[in-house]
Amino acid sequence: MRINKTNYILYICLIPFLTGCLGVQYLKNDEKLLLRQRIVPAPDVSKKEIPTNELNNLYSQETNRKMLWLPISPLVGLYNYGEKRFDPEKYQRKKEKIQARFDKKIAKVDSGNIAKITNLQFRLREKLEKQDYKIENGNLPMQWGEPVAVYDSAKVEETKVRFKTYLFSKGYFKNTVSSRTKTVLKTTSVTYIVAPGPLYKIDTIFYEVLDTGVFTILQDNKNKNLIKIGDAYDEEKISNERDRIDLLLKDNGYFDFSRQYVEFRVDTAYQPGSVALMLVINDPEKRQGHKRFKIDEVNFTIDAGKKFAGVSRNHEELHKVDYFYYTRKYKLEVLGHRVFLQPGQYYSRTNTFDTQRQIANIEAFKFVNINYDTSGGKFVANIYTSALDQYQWTNETGVNVTQGYPGPFFNTTFRKRNLFRGLETFDISARFGYEGVASLTENTNVYQSTEAGVNVSLTWPQLLIPTKEETKYRLGKYNPKTKMLMGFTYSDRPEYRRRITTVSGTYTWQNKRTRQYSLTLLNLNVIDTLFLDEKFKEELIRQGNDGNFSLVNSFNPSFVSSVIFGVTWNKNYFGIFDQNATWIRAQIEPGGSIWNVIDPTFINNAGLQYYKYIRLTLDIRKNKVLSKTTTLAFHFNSGVGYGYAENKSLPYEKLFFAGGSNSVRAWRPRRLGPGSFKPNLSDNPQGNGLFDYSIEKPADILLEGSIELRQKLFGFISGAVFLDVGNVWTFNKLTKKDDQDNVIDNGNSQFRLETFIPEMGVGTGFGLRFNFSFLVLRFDVGLKVYDPARDEGDRFMLNRVKFWSPYGTNREPVIYNIGIGFPF
């Protein structure tokens, strides 16, 4: 095997300087630090043949975590700092004191007061468990840190066995794994040499199924087999095929079938390099064949848990389902749309789970349980539910960030369930919050923004469309909902005050767990600006002279109507950040289409402008787990909106912006772009060429993408480094005029295929994430790398960055972003 001798010599020279950072000083005399582990292919083996990513997760011993892969292991020092101060006897003595204190309290309680005694015993157990946890896991520095990784030759042998077992499970039956170690001073590195050998493939599949009914079902669904002739042998696929057969048969009436009846026998001597599989479906002991169950009755007890002496539940039958209740609180027609079990059907586990899930999705019941009774010679499905409280009042306080600085908010919601006895949910919610936002007319000022709102909504667990009862029943599997909403929002900033009145009606449904659709047929907004600051008015006039009519029109009284259709894919539960996942959201929104059939004159007569536009957006987010502590996150966001009719612009809320804590973080919120169009220079006499980013930069087209590497550092704190790329563009060219009203060249704002790539702003930076149990607080530092608004040849900015530099100096300041939650 070839070794880069130059790198190796350099590594040896650096070792004495790095060992102190790696925690070697904490080793005993006869111990070595496990510095590095790697996997390499054996001679004459291609690196592509080795499943390195999978094998990396099978090490029996882990090396100490490095900070962003630098030869520094701060967690080792943190652990040893805590270990020196850790006294387990101290916690043991504390346990004894706690026990004695609670024994005295319990002794003073009257023996008949069972509730108080139970409460004291529960509190005692909680406190003792906390001390036990500290005795077992150490103090806080020890819990956040990690002990030094001491090289263990037995762990190396165990790792080799794991590698061989994994490769065998993937069809490499003749694999070999060896290892070699290199010791330099007090450190040891281990290299695993892997030779997978020939890959065995499936040549033939035989069947041994004595139950003809089971065999018929398998043959009818043969096209869904996960194992096919020509595939590589893979034990994971075989296990998944057992699960598929188990579910297939349980969906076809075989209630008591189990995957333990499914067996795969493997013959590697059938052909050289080939595998013959025998699929065996064993019969139960003392019985020939598997019993197929057909539902005889479906009983639905709506108010399970209640019991009144001497009173029997009422009984009512609908669609062959027997409902039992003390008081008829619900329209059984609506509830029945989500019951997919009927007498005469063969048992189906999928239908059972769908029924349970879709009833729970109504959010009207505390629990939904389904079981089957096989006694008495019948097969009976029993559904039990218990209602949630009819009235609910919730209050929420917290910290919110949109595109500014954190501020407190307060939410309160009143909910009434089953308003019209059709399982409807009626909500009244109010919100009030403060937030720090950058001034729209100044570079350095940050002002308080106030926002208040009230929403009233009514949600039905069905699609309110004229259709047959059979269709409503079929739609029940897709969690259909109809929501009508009326809302009022009031925003108060130093530059303006606005109010928005909203009316909307939305249908939502799910085709699968991973895919959701929404259709807003009615979305009406009346927008009114109550106040404009004089300085801000002047800025709007200046923007209008430059051709930025979208921003100017945004502050005129308006009536906005649209239809919105969106699709969301959520694969592998995006938002759970310890697994690979993808989230995609696509949306189309035609606005003002109503004015194609209705004369909009009455809108103008009311002093309102109206819009006609088409708007499309696509948002893609992906997480890729690299290790237990490291994740690589990707984000792509795009949008295009085209306004036509009279004002030929989009409403303010529909415009696109770039820059900010959830966008290109090296620019202030909404201040990047459009294109290479240059902002005005700062009025500050010390500006020295810095741009004036006082005004937002709205546009019609958005393209941006981000890559972020996240790594857990210690405890609840993680670090991140990121690269952001993006910009916005307009359809109509913005112009700039001098004092003599002459048009001057001030860059390009229009989207052009030949120029949009050089006009993408590039930023980088780093940050911290504080992952509390109730929220994630984020702090990012954004650095400009490439600024398209500058002249060609002068766009590279990274060498001009200066930390803690205020606006008005001769260096480009960094941008500090504070956010709630991950940026994407």
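The values are calculated or read from the model by the stated rules, or taken from the named source; none is laboratory data. The structure displayed is predicted, hence computed values, not measured ones. Cβ placement follows ideal geometry from the backbone for every residue including glycine, while neighbour counts extend to all protein chains displayed. Keep in mind that these areas ignore ligands, DNA and RNA; they rest on the heavy atoms of the full protein, side chains included. Shrake-Rupley method; radii C 1.70, N 1.55, O 1.52, S 1.80 Å.
Filtered by the rule that a residue be modelled with pLDDT of 90 or more and among the aromatic types (Phe, Trp, Tyr), the range 369-410 gives Tyr372, Phe379, Tyr384, Tyr391, Trp393.
Given the structure, is Asp103 in a loop (DSSP other than H, G, I, E, B) and farther than 30 Å from Thr165 by Cβ? No. Going through (1) more than 24 Å from Lys378 (Cα to Cα); (2) in contact (Cβ under 8 Å) with a residue 12 or more places away in the chain; (3) more than 38 Å from the chain's Cα centre (by Cα) one by one, Leu335 falls short only on (3).
The residue pairs whose first member lies in the range 223-249 and is in contact (Cβ under 8 Å) with a residue 40 or more places away in the chain, whose second member is part of a helix (DSSP H, G or I) and of a type in the set (Gly, Ala, Ser), and whose beta carbons are closer than 8 Å, counting only pairs six or more residues apart or on different chains, are Asp234/Ser169; Glu235/Ser169; Glu236/Ser169. Just one residue in the set Asp220, Asp256, Asp243, Asp234 is touching a Gly at 6+ places or on another chain (Cβ under 8 Å) and either closer than 27 Å to Lys160 by Cα or open to solvent by 30 Å² or more (accessible area, probe 1.4 Å) (or both); that residue is Asp234. At positive phi and at pLDDT 85 or above - does that describe any residue in the range 662-669? No, the conditions are met nowhere in the range 662-669.
Looking across the range 677-722 at every residue that is outside any loop (DSSP other than H, G, I, E, B) and open to solvent by 50 Å² or more (accessible area, probe 1.4 Å), the one that is modelled with the lowest pLDDT is identified as Leu681. Considering only residues in the range 275-289 that are open to solvent by 20 Å² or more (accessible area, probe 1.4 Å) and modelled with pLDDT of 90 or more, the one that is nearest to Lys237 (Cα to Cα) turns out to be Met278. Within the range 737-754, residues that are open to solvent by less than 70 Å² (accessible area, probe 1.4 Å) and in a strand (DSSP E or B) have Cβ atoms under 7 Å from residues that are polar (S, T, N, Q) and at pLDDT 90 or above in these pairs: Gln750/Thr730, counting only partners at least 6 apart in sequence or on another chain.
Given the criteria surrounded by 14 or more Cβ atoms within 10 Å (Cβ to Cβ), part of a loop (DSSP other than H, G, I, E, B) and over 40 Å from the mean Cα position of the chain (by Cα), does Lys306 qualify? Answer is no for this residue. Restricting the range 1-41 to residues that are of a type in the set (Val, Ile, Thr) and modelled with pLDDT of 50 or more, the residue that is surrounded by the fewest Cβ atoms within 10 Å (Cβ to Cβ) is Val40.
Yes/no matrix, rows are residues, columns are (1) among the basic types (Lys, Arg); (2) open to solvent by less than 40 Å² (accessible area, probe 1.4 Å):
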position: Ala606; (1), (2): no, no
position: Gln609; (1), (2): no, yes
position: Tyr613; (1), (2): no, yes
position: Thr617; (1), (2): no, yes
position: Arg621; (1), (2): yes, no
position: Val625; (1), (2): no, no
position: Thr630; (1), (2): no, yes
position: Phe634; (1), (2): no, no
position: Asn647; (1), (2): no, yes
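Taken over the range 251-288, the criterion of being over 28 Å from Lys228 (Cβ atoms) and in contact with a Leu (Cβ under 8 Å, 6 or more places away or on another chain) is satisfied by Gln288 alone. Looking only at the range 277-324, which residues are among the aromatic types (Phe, Trp, Tyr) and under 19 Å from Phe365 (Cβ atoms)? Across the range 277-324, the qualifying residues are Phe300, Tyr323, Phe324. For the range 152-172, the set of residues classified as within 19 Å of Asp44 (Cβ to Cβ) and part of a loop (DSSP other than H, G, I, E, B) consists of Tyr172 only. Checking each residue in the range 185-202 for being open to solvent by 20 Å² or more (accessible area, probe 1.4 Å), over 22 Å from Leu58 (Cβ atoms) and assigned to a strand (DSSP E or B) picks out only Lys201. Highlighted here are the strands (runs of 3 or more DSSP E) found entirely within the range 464-576 that include at least 1 residues which are under 30 Å from Glu435 (Cα atoms) and open to solvent by 60 Å² or more (accessible area, probe 1.4 Å): 481-492, 496-512, 515-532.
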